[in-house]
Structure formats: C-alpha cells, structure tokens
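Asks: Right, I'll just put the structure down here and ask away after.
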Amino acid sequence: MNKRTRYTRLGKFFGVFFLLLIVHHFVIRPWMLDWGAPKKIEKLTLSGDRFINGRSHTRAVLIHTTPDKIWPWLVQMGQERGGMYSYTWLENIVLADMKNTYVIRPEFQKPRMQGDTIWLANKRRYKGKGHQIFAEVIPEKSVIMVGDQDYMRIQNGQTATGAWSFYLVPQDEESTWLIARSTEDETIGKRVLRYFTYEIPHFIMEQKMLRTVKRLSEA
C-alpha cells in the first residue's frame with residue numbers, strides 16, 4: 001500500500017468518524033439525555049436542584065399506579081439490598097457484584113435516611129468507594145444521592161459537583177411519573193471524559209432501570 005492510498009483511507013476513516021460524531025451530538029445525544037421526559041417534566045423544578053448549580057438531564061417513565069406502590073422498589077435499590085433493576089451482566093463486568101431482586105423483601109424495606117450510604121458495588125470492591133450518600137429522602141417523593149465530598153459540601157452550605165436523583169410526581173390519581181435526574185457541575189476535562197466514556201453506558205443502564213421499576217410497580 002503506497003502512501004497516497006494510506007492517506008486516502010485515513011481521510012475516509014476520519015470523515016466517517018466525524019459524521020457519526022455530528023449525528024450523535026445533535027440527534028442521538030439530545031434524545032438519549034432526556035429519554036422519556038416530555039418538556040413539562042424536563043423543565044420541572046425539583047427539590048434536589050437546590051443542591052447544585054449545574055447542567056442536568058432528565059429521564060422519565062409514566063407508571064400507571066400511585067407513588068405508594070412504586071416507593072418500596074426505590075427503598076430496595078442498592079447492591080446491599082435489591083440491586084439496581086438494570087443489566088446485572090453489564091454491571092458485573094465492572095465487578096459490581098450486583099444481584100437484582102424482583103419481589104418486595106421485608107428485610108430490604110428498612111427506611112432510607114439522609115446521611116445513609118447506598119452501595120453501587122460490593123463494598124469490598126474499589127477500596128470501599130463504590131457508594132453514594134443520601135442527601136435527601138422524602139418518602140414517596142424523592143431520593144437524592146451524592147458523593148462523599150459533595151455531601152460534606154452540602155452540609156457546609158455549599159453546592160455539590162454532581163447528584164443522581166429519583167422523584168415520584170403524580171400525573172393524576174392513577175398514574176405517576178418516575179423521574180431520574182442527573183446533574184453535574186464539573187470541569188471541562190471531566191465533561192469531555194464523561195461525554196466519551198460514561199454517557200452511553202449510563203443511559204443504557206438507567207433506561208433499563210426505569211422500565212423495570214415501571215413493570216414491577218404495575219404488576
């Protein structure tokens with residue numbers, strides 16, 4: 001293969017790459033970041049917004065039941081309880097040691113409280129850092145999770161650099177929006193890293209989680 005042919009193929013490769021990147025950024029990514037959330041839900045001001053002054057995206061499913069039927073599934077979230085209701089095979093590729101429970105288990109219904117820890121991976125993995133802290137828990141309304149350092153910032157009256165939140169917002173007497181909102185206020189470098197490494201896997205996992213909670217709550 002001569003040099004001209006190599007350059008031609010290289011040019012075609014980068015041309016296709018940048019075309020796909022443009023399609024992803026302007027078409028796929030906006031749909032992915034706010035998957036399932038109509039504009040009225042996407043624009044809602046929610047209780048956890050006060051913890052952070054950053055960019056957020058909102059995903060949602062409409063569940064045809066009342067908040068009290070959905071709440072027990074949110075209480076059970078966590079590696080140490082009923083799992084995260086997503087793709088365990090994908091979570092366990094990164095050694096989360098996740099196991100999902102698809103029934104309400106009384107031993108997993110101990111109330112969550114502000115300041116409690118929720119494990120996203122086995123506590124023996126990642127030097128015990130695979131967890132978040134509950135910054136807010138309002139029964140049948142909201143669950144807001146942040147990292148250790150961000151919890152300390154909140155306690156000191158500062159804003160966090162990121163939060164992962166779930167809300168139950170009634171649509172009417174027989175249906176409820178389950179909303180997942182992720183918010184981050186990060187450096188440009190971390191945003192670029194998140195863009196190329198985290199966003200797509202997180203979307204795959206989170207939409208599966210929302211759909212699973214919907215199915216279980218409506219059963």
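The values are calculated or read from the model by the stated rules, or taken from the named source; none is laboratory data. Treat the numbers as computed from the prediction; the structure is a model and nothing was measured. Cβ sites come from the backbone with ideal geometry, for glycine too, and all protein chains shown count toward neighbours. Calculation scope for accessible area: heavy atoms of the full protein, side chains included, ligands and nucleic acids excluded. Shrake-Rupley method; radii C 1.70, N 1.55, O 1.52, S 1.80 Å.
Asks: Suppose we filter the range 87-126 for residues that are closer than 20 Å to Y198 by Cβ and not in a loop (DSSP other than H, G, I, E, B); how many remain?
Replies: Summing the residues that are closer than 20 Å to Y198 by Cβ and not in a loop (DSSP other than H, G, I, E, B) in the range 87-126 gives 9.
Asks: Of all residues in the range 140-187, count the ones that are touching a His at 6+ places or on another chain (Cβ under 6 Å) and of a type in the set (D, E).
Replies: Result for the range 140-187: 0.
Asks: Does A160 meet the test of being modelled with pLDDT under 95, surrounded by 13 or more Cβ atoms within 10 Å (Cβ to Cβ), under 23 Å from I41 (Cα atoms) and of a type in the set (A, V, I, L, M, F, W, C)?
Replies: yes
Asks: What's the total number of residues in the range 75-99 that are without any contact (Cβ under 8 Å) to a residue 40 or more places away in the chain and closer than 17 Å to L178 by Cα?
Replies: Total satisfying the criteria: 2.
Asks: Kindly indicate the residue of the range 47-86 that is at pLDDT below 95 and in a loop (DSSP other than H, G, I, E, B) and also surrounded by the most Cβ atoms within 10 Å (Cβ to Cβ) among those meeting that condition.
Replies: So, considering only residues that are at pLDDT below 95 and in a loop (DSSP other than H, G, I, E, B), the one surrounded by the most Cβ atoms within 10 Å (Cβ to Cβ) is I52.
Asks: Name the residues in the range 157-205 that are touching a residue at least 12 places away in the same chain (Cβ under 8 Å) and hydroxyl-bearing (S, T, Y), would you?
Replies: T159, T161, S165, Y167, S175, T176, S182, T183
Asks: Separate question: Within the range 183-219, which residues are closer than 18 Å to L74 by Cβ and of a type in the set (D, E)?
Replies: Selection gives E206, E218.
Asks: Give the number of residues within the range 19-46 that are open to solvent by 40 Å² or more (accessible area, probe 1.4 Å), over 18 Å from the mean Cα position of the chain (by Cα) and farther than 22 Å from Q171 by Cα.
Replies: 8
Asks: Within the range 88-101, work out how many residues are at pLDDT 95 or above and of a type in the set (F, W, Y).
Replies: Total meeting the criteria: 0.
Asks: Of all residues in the range 169-180, count the ones that are part of a strand (DSSP E or B) and open to solvent by 10 Å² or more (accessible area, probe 1.4 Å).
Replies: The total comes to 5.
Asks: Now for a different question. Out of (1) closer than 20 Å to M98 by Cβ; (2) part of a strand (DSSP E or B); (3) of a type outside the set (S, T, N, Q), what's the single condition that is false for K208?
Replies: (2)
Asks: On to the next question. Within the range 106-137, how many residues turn out to be without any contact (Cβ under 8 Å) to a residue 12 or more places away in the chain and open to solvent by less than 30 Å² (accessible area, probe 1.4 Å)?
Replies: Total meeting the criteria: 1.
Asks: M145 - would you say it is of a type in the set (A, V, I, L, M), in contact with a strand residue (DSSP E or B) (Cβ under 9 Å, 6 or more places away or on another chain) and either in a helix (DSSP H, G or I) or surrounded by 12 or more Cβ atoms within 10 Å (Cβ to Cβ) (or both)?
Replies: yes
Asks: Further question: Checking the structure you have, find out if any residue of the range 181-201 is open to solvent by less than 20 Å² (accessible area, probe 1.4 Å), over 15 Å from R55 (Cβ atoms) and either assigned to a strand (DSSP E or B) or of a type outside the set (V, I, T) (or both).
Replies: Within the range 181-201, none of the residues are open to solvent by less than 20 Å² (accessible area, probe 1.4 Å), over 15 Å from R55 (Cβ atoms) and either assigned to a strand (DSSP E or B) or of a type outside the set (V, I, T) (or both).
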